[in-house]
Amino acid sequence: MKISLSWLRDFVELTESTDELRAILDDLGLVVEGIDVVGEGLGDVVVARIDGIRAIEGADRVRLVTVDAGNGPLEIVCGATNFAVGDHVPLAPIGAVLPGGFEIAERKMRGVTSNGMLCSARELCLSDDHEGLMILDQLTTPVVGERLLDALSIKPDVIFDISVEGNRPDAWSVGGVARDLATRLNHTLAAPQLAQPNGAETSASFADARIESPDLCGRLTVSVLRGVKVGPSPAWVVQRLQSAGMRPISNVVDASNLVMLELGQPTHPYDAAFVAGRTLCARRARAGEVLVTLDGVERELAKAGRGLGDTGEDCVIVDGDDHVLGLAGIMGGASSEISESTTDVLLEAAFFDPMTVARSSKRHGLRSEASNRFERGVDPQLALRAAARFVQVLRESVPELEWLSEPLDVRGTTPEIPTVELRSGDIERALGVALSNEEVARILQGLGFKVTFGSGSIFVIPPSSRLDIRSGAAGRADVIEELARLHSYRRLPRRTPSWPEPGGLSDRQKLRRHVRDVIVDLGVLEAWTPTLGSDADFDLAHPAMERVRVTNPLASDESVLRATMITGLVKAWAKNVERGVGDVLLGEIGTVFAHPVTTQSPRFTRGGVGGALELKLPVENERLTVLFGRPTDSAVTAVAFWSVLCGRIGLADVVVRNAEAPSKLFHPTRTAELIDRATGASLGYVGEVDNALVEQVAPLAGSRRLGIIDLDFEVVADAQRATRRSQFVRVPSRYPSAVVDLAFVTPTSVHAQDLGFALREASELVESVDLFDVYHDASLPQDTRSLAYSVRFSSEERTLSEGEVAEARALLIATGTALGAVLR
Amino acid sequence: MTTSPLAQLAEQTDELLATIAAFESLDALRDAEPFVVGKRSILSTLQKSLGALEPEARRDAGAQLQGARRTVETALEARRHELARAARAQALEADRLDLGDVVVGAVSVPIGVGHSSLVASTQRQLEDVFVAMGFTVSDGPEVESDWYNFEALNIPPAHPARGLWDTFYVELGEPETVVLRTHTSPTQIHLMENAVATNALPVHSVMPGRCYRRDTPDARHLATFHQIEGLVVDRGITFADLAGVIETFTRAYFGPDVESRLRPAYFPFTEPSAEFEVTCTICRGEGCRTCSNTGWIELGGCGMLDPAVLEAVGIDGDEWSGFAFGFGIDRCAQMRHQIADMRALIENDVRFLRQFS
């Protein structure tokens, strides 16, 4: 909202500098998003009359203009064409410095000299108009040589662009902002000049107003204005509107806009000649009704919206024939619009239910200055004051204006005004500091609250403009916020609290950090790939799987929640291959999503209006995925990486067991599942990305084997499923151990790790078993390979004898044989 | 009467089909293709011979020949597909590797320097600051119901305040009931509900996580971003505690010469509410373009828990009070590392990732 300093000064005395005011407004929560200084740099600009225009030889874009600015003829080169001899335009003479610091100097072009610059409104920062020169005759009766500031009676001004928060309906006006400033600065707040009805007849003798839906329209006032002459507004009204960024239209419309900006009450003027029965009635729209709004769009009314909780309710204004004139508080229809021939005006100033306006405005995609204010809540007591102000303003251009007595004023339901009780100590309990009764009274009364001091408690009744103040405990918080705000947040104390409960990370969070550290230590670059992908991305992994979709994606290729991070990582890697930097390990710890129908235990939660529905939500699965994209990488690298990670996490026994590829992304014959030996839980998969996919997405690295680890972090973090090594350490035996190598010709069906575990458990004397060689050779029987283990024997109590070692060795060999492994 | 050039078409077609069925490799198929359906095939020869026919006869024969060609081509494609599958199956079989046989000690891999994600490391630094102040860390889901994301936070359905969040809705249940969380605040509600259910008040926790807003990405915003939220519910907690926590955090994270200040703001779930600002880290408070010459940079929102929120989760506001705050993790990273364009964060360019330690 743009508010000029001069307008604010109509309401409150302000002597502070622009910077000081900005700081005060910010501190009041009326955040200044920008400041425009008007009239700056216009001091040297004067009114000049066009005396001659002629072409310049060889130039078709510019002409030579002769002007008089009071000191005889001046020749100026000008590119605009929107003027004629006799017009008055602004001239920036040589030496003038325009807004933005542009200094005018003598310029020569095409053999002629230009002695200054004729200006457009935009060049002077007076409006956005850059169609041509600013023609002053349209605005005033210009005098040659007069300063432009004087000619247009522009007083240098400062315009604040203020962002008003959603809970401050009262601050969406010059008067509202002035009220905050007056209270903060302890100044009095001036009231605007208001007109009194002066008509001989009563309003009821001319017009009628009715409310049929009192829940939607809390108040409808209709003022009858006769003898209206539609024409331009006085200069000060135009300036005020322009300072707020609004275009002047006509004195009637301008007065309506001015009152809205000044007091916060939108009003709507109707041409009484086109309102059947001169009757305005507010009622609920009926199904099937349509309205063509001012923007030319035909709108179906009372149609339930798609939005949650939107029943399709619309409040409309109808005439005496029950014909819809407009969407109440949002936008009018064309039929009763003010025109040049309007002589009688029905001025509507009303209160509409904020939620109804909000829903209608959202459903119809219609936002207006009026709807913005109504949906936040306009002061229900403001209507007639606004009408009086409207008449006061319009009367300046229409002195003979007649405002019929006893304006029509019908009531519906308006929000109840609560009485908020601040109990003794409430303020201190909320803010950490007590405020004196004087300060409380000063602030709240300044804001228009009624304050009564009871025994211990303070009873506070908000003004009707403060529809944001609730009742009960919430209302207490609302009032206390007002106290804190006006007292200034910066004056409140600070205290760093402490409590006996320890802080810290959960085991899972610690593990997540640890895993992240380990993978980064092992050379992984941590990526962040998109959660939302395309159907085609999804199909790469799970073409037949039900997917979780976003209803309103920004783009169609960002509409599906990922079910795996592999696709995103492969694409990210491929992109880096294209950049020539693809020799890397890329990893990510993140969440993937499963549609509730694809899982046996969906997540149930409450939702819907009032949280009354039970909803099935997608199951979220945290995973760790690493791609191995260097030229020497493969499934083998991935397995080695896994073994380090597994050791660092402290897992007990996890078997790497070849398995069916869990999705199309994996290489069908180079994929293994990671199985916890004790619990049988699957921790994830290790292997390679399907080479066909690699060729498809990264043709430049097509022959490369892309290793992969894809871990289910939920399982890894769960000690019930992913068995931990004992946290109790074993001190190695002080007696020397004997190391024996055993090589078995083993059927491929026997898993090397299984054989290793069997060996380890074959004798109590086994300290460790390590696979150190796998040997394939044609000389070995079909479907076998040689597995060589280094076995370490030891005892806690003694040095093992040769016989004991031999005996243990024999046990191990027998164990191998039982599994089909033959000692070489 | 001359015999039709197509008199033998059925037999010729069968012959071609037999040839196709006999291909044993993709190479053989590719080599023979011109003789089966290409320019040098019997089909092409027959096609040429049709030119001699009367127009009507030519039309009929052409259709007949076209049918035969389709049959042959279909068979060829089917065979090609079959052979490709067989070739792939054979290649995969040849490629088969028993990953249980990997001798880890014998694998040699190049050493490379890894790098943590900027967001992850920033999140960790922030968590560490709060953990040192006595906070726990809580995680929450990214897909939420409207109850947790909005209504329990005092943002009722169709309330204009919902417009403050550009929401992605998920196609599940009734329209607009399932959302990608637009902020980490729903995790607050889960925490408080759980604390009430398990009689585990007080709560002092921070909640980092990924959030989504339907907002076209630009240099300063991403549609996917990360927030960290803080929640304290305890006895005797006041606005002074909130301001103190913000102040302590600011100094711990940004440095002792960075200050914080609060200014009034509106959030439906807190009252009083505040926006918190910190000394501009670019100009150290002198005033520059980044801070619009104010010397301050807006970091996040905070406030005392609104009584309506306490009521929604069943906490007695006369016994307990609390505050919440939240701000962008990515934004902290952007401030600290002067990232000119946030979109670099999701491009995963190795040259970008390598810069972080």
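The values are calculated or read from the model by the stated rules, or taken from the named source; none is laboratory data. Note that the structure is a prediction, hence the values are computed from the model and not measured. In this analysis, Cβ positions are derived from the backbone assuming ideal geometry, glycine residues included, and neighbour counts consider all displayed protein chains.
Considering only residues that are surrounded by fewer than 23 Cβ atoms within 10 Å (Cβ to Cβ) and of a type in the set (Asp, Glu), look in the range B:203-245 and name the one that is nearest to the other protein chains (Cβ to nearest Cβ).
Only one residue fits best here, namely B:ASP234.
With the checklist (1) surrounded by fewer than 21 Cβ atoms within 10 Å (Cβ to Cβ); (2) modelled with pLDDT of 95 or more in hand, flag the one item A:LEU586 doesn't pass.
Condition (1) is where A:LEU586 drops out.
Determine which member of the set B:THR290, B:THR248, B:THR281 is over 17 Å from A:ALA477 (Cβ atoms), at the interface with another protein chain (Cβ under 7 Å from one of its Cβ atoms) and not in a strand (DSSP E or B).
Going through B:THR290, B:THR248, B:THR281 in turn, the sole match is B:THR248.
Pairs, please: C-beta under 6 Å, at least 6 apart or cross-chain, first residue under 19 Å from A:THR183 (Cα atoms) and in the range A:446-461, second modelled with pLDDT of 95 or more and hydroxyl-bearing (Ser, Thr, Tyr)?
A:GLY446/A:THR183; A:LEU447/A:THR183; A:ILE461/A:THR419
Could you please give the count of residues in the range A:67-83 that are in a loop (DSSP other than H, G, I, E, B) and on the phi < 0 side of the Ramachandran plot?
Total satisfying the criteria: 7.
When the residues of the range A:674-714 are narrowed to those that are touching a Pro at 6+ places or on another chain (Cβ under 8 Å) and within 13 Å of chain B (Cβ to nearest Cβ), which ends up farthest from A:ALA541 (Cα to Cα)?
A:TYR685
Could you check the range A:484-533 and list, in sequence order, the residues that are β-branched (Val, Ile, Thr) and more than 29 Å from B:GLU275 (Cβ to Cβ)?
Result: A:VAL515, A:VAL518, A:ILE519, A:VAL520, A:VAL524, A:THR529.
Considering each of A:ALA209, A:ALA255, A:ALA273, A:ALA244 in turn, give the residue that is closer than 25 Å to A:GLY412 by Cβ and of a type in the set (A, V, I, L, M).
Just a single option satisfies the conditions, and that option is A:ALA209.
I'd like to check something: does the range A:347-367 contain any residue that is over 24 Å from A:GLY312 (Cβ atoms) and surrounded by fewer than 23 Cβ atoms within 10 Å (Cβ to Cβ)?
Checked against the condition, which is being over 24 Å from A:GLY312 (Cβ atoms) and surrounded by fewer than 23 Cβ atoms within 10 Å (Cβ to Cβ), the range A:347-367 yields no hits at all.
Restricting to the range A:677-714, give me the number of residues that are within 17 Å of A:PHE641 (Cα to Cα) and of a type outside the set (A, V, I, L, M).
9
Residues in the range A:620-632: is at least one at the interface with another protein chain (Cβ under 7 Å from one of its Cβ atoms), in contact (Cβ under 8 Å) with a residue 12 or more places away in the chain, buried (at least 17 other Cβ atoms within 10 Å of the Cβ) and in a strand (DSSP E or B)?
Within the range A:620-632, one or more residues are at the interface with another protein chain (Cβ under 7 Å from one of its Cβ atoms), in contact (Cβ under 8 Å) with a residue 12 or more places away in the chain, buried (at least 17 other Cβ atoms within 10 Å of the Cβ) and in a strand (DSSP E or B).
Which of the following residues is part of a loop (DSSP other than H, G, I, E, B) and at pLDDT 95 or above: A:SER213, A:SER223?
Selected residue: A:SER213, the only one of A:SER213, A:SER223 that is part of a loop (DSSP other than H, G, I, E, B) and at pLDDT 95 or above.
Test A:THR723 against the criterion of being modelled with pLDDT of 95 or more and under 60 Å from the mean Cα position of the chain (by Cα), and give yes or no.
So A:THR723 fits the description; yes.
Working only within the range A:40-69, note down all residues that are over 22 Å from A:LYS108 (Cβ atoms), out of contact with any Lys or Arg (no Cβ under 9 Å at 6 or more places or on another chain) and at pLDDT 85 or above.
A:ARG49
Would a scan of the range A:642-651 turn up a residue that is part of a helix (DSSP H, G or I), closer than 22 Å to B:ARG88 by Cβ and within 11 Å of chain B (Cβ to nearest Cβ)?
The answer is no, given that none of the residues of the range A:642-651 is part of a helix (DSSP H, G or I), closer than 22 Å to B:ARG88 by Cβ and within 11 Å of chain B (Cβ to nearest Cβ).
Being within 7 Å of another protein chain (Cβ to nearest Cβ) and surrounded by 21 or more Cβ atoms within 10 Å (Cβ to Cβ) is the requirement here; does B:PHE135 meet it?
Answer is yes for this residue.
Is it the case that A:ILE35 is under 30 Å from B:THR294 (Cα atoms), within 14 Å of chain B (Cβ to nearest Cβ) and either modelled with pLDDT under 90 or not in a helix (DSSP H, G or I) (or both)?
When the stated conditions are applied, A:ILE35 passes them.
Of the conditions (1) more than 30 Å from A:ARG476 (Cα to Cα); (2) modelled with pLDDT of 95 or more; (3) touching a helix residue (DSSP H, G or I) at 6+ places or on another chain (Cβ under 6 Å), A:VAL420 clears all except one; give me its number.
A:VAL420 satisfies every listed condition except (1).
Could you list, in sequence order, the residues of the range B:138-147 that are out of contact with any Gly (no Cβ under 7 Å at 6 or more places or on another chain), more than 7 Å from chain A (Cβ to nearest Cβ) and under 24 Å from A:HIS595 (Cβ atoms)?
Of everything in the range B:138-147, just one residue is out of contact with any Gly (no Cβ under 7 Å at 6 or more places or on another chain), more than 7 Å from chain A (Cβ to nearest Cβ) and under 24 Å from A:HIS595 (Cβ atoms), namely B:GLU144.
Kindly evaluate B:ARG263 against the criterion of being among the basic types (Lys, Arg) and within 30 Å of A:LEU561 (Cα to Cα).
When the stated conditions are applied, B:ARG263 does not pass them.
State all residues of the range B:1-57 that are among the β-branched types (Val, Ile, Thr) and surrounded by 15 or more Cβ atoms within 10 Å (Cβ to Cβ); if no residue qualifies, say none.
Selection gives B:THR13, B:THR19, B:ILE20, B:VAL36, B:VAL37, B:ILE42.
Results for (1) on the phi > 0 side of the Ramachandran plot; (2) surrounded by fewer than 24 Cβ atoms within 10 Å (Cβ to Cβ), shown as yes or no for each residue.
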| site | (1), (2) |
| --- | --- |
| A:ALA285 | no, no |
| A:GLY288 | yes, yes |
| A:GLU300 | no, yes |
| A:ALA304 | no, yes |
| A:GLY307 | no, yes |
| A:CYS315 | no, no |
| A:HIS323 | no, yes |
| A:GLY333 | no, yes |
| A:GLU337 | no, yes |
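Looking only at residues that are of a type outside the set (A, V, I, L, M), touching a strand residue (DSSP E or B) at 6+ places or on another chain (Cβ under 9 Å) and outside any strand (DSSP E or B) in the range A:664-701, which one is surrounded by the fewest Cβ atoms within 10 Å (Cβ to Cβ)?
A:ARG677
Restricting to the range B:316-357, name every residue that is in contact with a Ser or Thr (Cβ under 9 Å, 6 or more places away or on another chain) and under 30 Å from A:ARG470 (Cα atoms).
The answer is B:SER321, B:PHE323, B:ALA324, B:PHE325, B:GLY326.
Could you pull out the residue among A:SER465, A:SER455 that is assigned to a loop (DSSP other than H, G, I, E, B), of a type outside the set (A, V, I, L, M) and farther than 24 Å from A:PRO354 by Cα?
From the options A:SER465, A:SER455, the qualifying one is A:SER455.
Please give the number of the condition A:VAL420 fails out of (1) within 14 Å of another protein chain (Cβ to nearest Cβ); (2) in contact with a strand residue (DSSP E or B) (Cβ under 8 Å, 6 or more places away or on another chain); (3) surrounded by fewer than 17 Cβ atoms within 10 Å (Cβ to Cβ); (4) β-branched (Val, Ile, Thr).
Condition (3) is where A:VAL420 drops out.
From the list A:ASP507, A:ASP478, A:ASP535, A:ASP521, which one is surrounded by fewer than 15 Cβ atoms within 10 Å (Cβ to Cβ) and at the interface with another protein chain (Cβ under 7 Å from one of its Cβ atoms)?
Every option except A:ASP521 fails the conditions.
Residue by residue, here is whether (1) under 30 Å from A:ALA235 (Cα atoms); (2) at pLDDT 95 or above holds:
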| position | (1), (2) |
| --- | --- |
| A:LEU346 | yes, yes |
| A:PHE351 | no, yes |
| A:MET355 | no, no |
| A:ARG363 | no, no |
| A:ALA383 | yes, yes |
| A:LEU394 | yes, yes |
| A:TRP403 | yes, yes |
| A:ARG429 | no, yes |
